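Here's the structure we're looking at; comments come further down.
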Amino acid sequence: MTKDNKERFGFETRMIHAGSQPEPVTGARQTPIFQNTSYVFHDTDHAASLFNLQTFGFIYSRLTNPTVAALEERIANLEGGRGATACASGHAAQILALFPLMDPGDDFIASNRLYGGSITQFGKTFKKFDWRCTFVDVDQAENVRKALTPKTKAIFVESLANPGGVISDLEALSAIAREAGIPLIVDNTMATPYLCPAFEWGADLIVHSTTKFLSGNGTSTGGCVVDSGTFDWAASDKFPSLSAPEPAYHGLRFAESFGDMAYTLHSHAVALRDLGATMAPMNAFQTLLGIETLSLRMERHCANALAVARFLESHDLVEWVSHAGLESSPYHALANKYLPKGAGAVFTFGVKGGYEMGIKVVEACELFSHLANIGDTRSLILHPASTTHRQLSEDQRIAAGAGPDVIRLSIGLETLDDITADLDQALTRAAE
Amino acid sequence: MSEPLNYSDEFLRGILSGVRGIAMVGASTKWTRPSYFAMKYLQEKGFRVIPVNPGAAGQEILGETCYATLAEVPGSIDMVDIFRASDAAGQTVDEALALKDSKNIRVIWMQLGVRDDAAAARAQAAGLSVVMNRCPKIEYGRLHSELSWGGFNSGIISSKRRRIRIG
Ligand SMILES: Cc1ncc(COP(=O)(O)O)c(C=O)c1O
């Protein structure tokens, strides 16, 4: 949507309707699952126009698919962006987001408190592309400024970080990004657009693991990159993939030919075309269904999580609780500013007794599922040091809020008393 | 900072369904230029697009003869689509205003990135409709739910079943 035109409808209306008008041929009201790879051309001239990006339309589902496109439009709309590109997973979204920005030898700056899998992807696997990541403690925005180099192409943070109840000061970080002429990329997975409108706080690109709260009940892996449409890719020579002639499209310049649509078009026509990390139509459908109830789920997720955090904070066997909604949290003020509707449903606590006790508590739970995911309707529990954050060094684990005594919870939508009772019995049994 | 531009979907729909002839000032013979993309697309949607560009006068672009000036375009024009820098747009608007009765010019459309508020005010005072900083191809695609193909936010929320042309 062009930035000049204000949204006419509320968030809840858009989470049900955006991207999903009735299907015009049959009148089907729910978005159909276009379980289909390819689309018939009218004639060779039509095919040529499509391949040259001169007309709008579907060619092949590695690039675009109607069900996936409905999901993309819905997420773009909810985030208030220009366009979105869905893909196979949150990690695929992170590659796609950086792909048009980075050349070999370039660097980007990321928070050292990202989700552990992101730290491994950025710090280890991206080295193979010669994409260099500098991790910094972004709580001191000055650290980011100091890490800037002439080859820095982006700043990457999570609005609300997994797992530690850590919140990034988006406004301060966006000011630094703007000064440096580079985009601020925000992983909004844990907050979702319902809790945190990251573009309004200055993000230029948003990435999601749709696997989590957007799909909402643990059925479908997926990811998405959303472009605000407001970053001027041609303002400098830092982003030649978007501003310079593209050899695979006969020297077309994306930024010039497509204006505020350039980034999202490039993500489909070049990045998905060649990286191939496409979302399956069935996963897009499941995620569309999930988003229809996003606001209701997030409200209850947040209310349950804050109540569980308070319960644990007063529990004898608990050392500390890190949830930004608690007055005791150093991020409480940032939570009030950036997440006024609730500080999310994923947080950590420390058990008295360290690593051994952490493992015992996880294993003693009956209602909580012991697994490596977040954002499910079900309550989930995990001991990060022995699982998701296992690949990290001890120092990295502590920086990421995943030390030996840390337990991560993703609070679901069950009856609150049942959730707290399960944790209570697990803590008590583990201490026996 | 200039004021944001707000055009309702109804206003844009009215323009795009009301015009047939479009003089495209700044049309290019190179197929990788944005104006070429827009011209080809608008032709496919049934508009008659006449290219205007002194540098390409006499040449053919997508089957249409290119003219050096608006005044040389034969017949009625309906809408002038300006693919020129903002500081050159005013001059084109004044040329169009001088021809508005003889060529039935009712709409001035300035492309994405092109904006001249003073020229727009002159055209509106003369009774013309004006759109600035928009692309008719993108708006047509958006309003006809074609833009959604690439994951773009059309801003359209509707439970009405669209009528489609089949074939
Ligand atoms: C904040 C955050 N970002 C990204 C990811 C990666 O997403 P995916 O597992 O869909 O690849 C996760 C997954 O746990 C996450 O929690």
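Using just the helices of chain A, give the 222 nm mean residue ellipticity in deg cm²/dmol: DSSP H runs with n ≥ 4 each add -39,500 (n - 2.57), and the total is spread over all residues, rounded to 500.
-10000 deg cm²/dmol
Using a 1.4 Å probe and ignoring any ligands, DNA or RNA, find the accessible area of B:Arg115 and quote it in Å² to the nearest 10.
Roll a 1.4 Å probe over it and B:Arg115 shows about 60 Å².
Longer than 28 Å from Cα to Cα, which of B:Lys30/B:Lys137; A:Lys153/B:Lys40; A:Lys341/B:Lys160; B:Lys100/B:Lys137; A:Lys124/A:Lys146; A:Lys124/A:Lys238 are they? Say none if no pair is.
Table pairs above 28 Å Cα-Cα are A:Lys153/B:Lys40; A:Lys341/B:Lys160.
List the relative contact order of chain A as a percent without decimals, with contacts defined as Cα pairs under 8 Å and 6+ residues apart.
Once divided by the residue count of chain A, the mean separation gives 17 percent.
Whose amide H sits under 5 Å from the amide H of A:Ala154, counting only residues 5 or more places off or on another chain, with H placed in the peptide plane?
A:Ile109
For the protein assembly as shown, I need the span (max minus min coordinate) of the C-alpha atoms along each principal axis, in Å, sorted largest to smallest.
Cα extents, longest axis first: 94, 53, 44 Å.
Quickly work out the A:Ala333-to-A:Glu171 label distance, labels modelled 7 Å from Cα along the C-beta direction, and quote it in nm with one decimal.
1.2
Listed highest first by mean packing, meaning other Cβ atoms within 10 Å per residue, what order do A:218-231, A:261-274, A:326-339 come in?
Final packing ranking: A:218-231, A:261-274, A:326-339.
Based on the alpha-carbon gyration tensor of region A:195-304 and its eigenvalue square roots a ≥ b ≥ c, which shape applies: rounded if a/c is under 1.5, prolate if not and a/b is larger than b/c, or oblate?
oblate
Taking every residue in B:32-39, how many Cβ atoms of other protein chains lie within 10 Å of its Cβ, on average?
Mean shielding count: 5.
Within the accessible area of chain A, what % is carbon and sulfur when the probe is 1.4 Å and the other protein chains stay in place?
Carbon with sulfur: 54 percent of the solvent-accessible area.
Expressed as a whole percent, how much of the Cα-Cα distance distribution for region B:9-143 exceeds 18 Å?
More than 18 Å apart: 48 percent of the Cα pairs in region B:9-143.
Would you mind working out the accessible area per residue for chain A, using a 1.4 Å probe, and quoting it in Å²?
Here the per-residue accessible area is 37 Å².
Order A:41-49, B:80-88, A:285-293 from most to least packed using the mean count of other Cβ atoms within 10 Å.
A:285-293, B:80-88, A:41-49
Would you mind giving the total buried accessible surface between chains B and A, with a 1.4 Å probe and ligands, DNA and RNA left out, rounded to the nearest 100 Å²?
Roughly 4000 Å².
Regarding region A:3-290, what is the average projected area of its C-alpha convex hull, in nm²?
14.9
Given a 1.4 Å probe, show me the residues in region A:58-94 buried by at least 40 Å² of accessible surface when comparing the whole protein assembly to the chain alone.
In region A:58-94, residues shielded by partner chains: A:Glu73, A:Arg82.
Which aspartates and glutamates have a Cα less than 15 Å from the Cα of B:Lys45, not counting those fewer than 8 places away in the same chain?
Correct list for B:Lys45: A:Asp45, B:Glu139, B:Glu146.
Using the Cβ atoms and a cut-off under 10 Å, what net charge is assigned to the surroundings of A:Arg29, where Lys and Arg are +1 and Asp and Glu are -1?
That sum, taken over residues with Cβ under 10 Å, equals 0.
Can you tell me the alpha carbon radius of gyration of region A:53-131 divided by the globular rule-of-thumb value 2.2 N^0.38 Å?
That ratio works out to 1.31.
Using DSSP, restrict attention to beta bridges with both residues in chain A and report what percent are antiparallel, rounded to the nearest 5.
60
With no solvent and one equal point scatterer placed on each C-alpha of region B:20-80, evaluate the Debye formula and give log10 I(q)/I(0) for q = 0.19, 0.20, 0.21 Å⁻¹, two decimals.
Treating every Cα as an identical point scatterer, log10 I(q)/I(0) equals -0.58, -0.65, -0.71.
Subtract the Cα-Cα distance of A:Met282 and A:Trp320 from 0.36 nm times their separation in residues, and report this length gain in nm to one decimal.
Full-extension gain reported as 9.6 nm.
In what sequence, largest accessible area first, do B:Lys160, B:Lys103, A:Lys341 appear using a 1.4 Å probe?
B:Lys160, A:Lys341, B:Lys103
Along the charge dipole of chain A, Cβ charges K/R +1 and D/E -1, which of A:Ala47, A:Gly259, A:Gly81 sits furthest on the positive end?
Selected residue: A:Ala47.
Jot down the radius of gyration and Dmax of region A:369-432, Cα atoms only, both in angstrom.
13.1, 38
Suppose every K and R has +1 on its Cβ and every D and E has -1 on its Cβ; what is the size of the dipole of chain A about the Cα centre, in Debye to the nearest 20?
My answer is approximately 500 debye.
Need one number for region A:295-431: average projected area of the convex hull over its C-alpha atoms, nm².
7.7
Two-decimal Rg/Rh of region A:113-250 from alpha-carbon positions, Kirkwood Rh?
Value, to two decimals: 0.97.
Dipole of chain B (Lys/Arg Cβ +1, Asp/Glu Cβ -1, origin at the Cα centre): which of B:Gly21, B:Gly58, B:Met132 lies farthest to the positive side?
Towards the positive end, the residue furthest out is B:Gly21.
What is the average number of partner chain Cβ atoms found within 10 Å of a Cβ in A:282-294?
That average works out to 0.
Over all residues in B:135-144, what is the mean tally of Cβ atoms on other chains that come within 10 Å of each residue's Cβ?
2
The values are calculated or read from the model by the stated rules, or taken from the named source; none is laboratory data. Keep in mind that what you see is a predicted model, and the values were worked out from it rather than measured. Cβ sites come from the backbone with ideal geometry, for glycine too, and all protein chains shown count toward neighbours. Note: areas computed on protein heavy atoms with side chains; ligands, DNA, RNA excluded. Shrake-Rupley method; radii C 1.70, N 1.55, O 1.52, S 1.80 Å.
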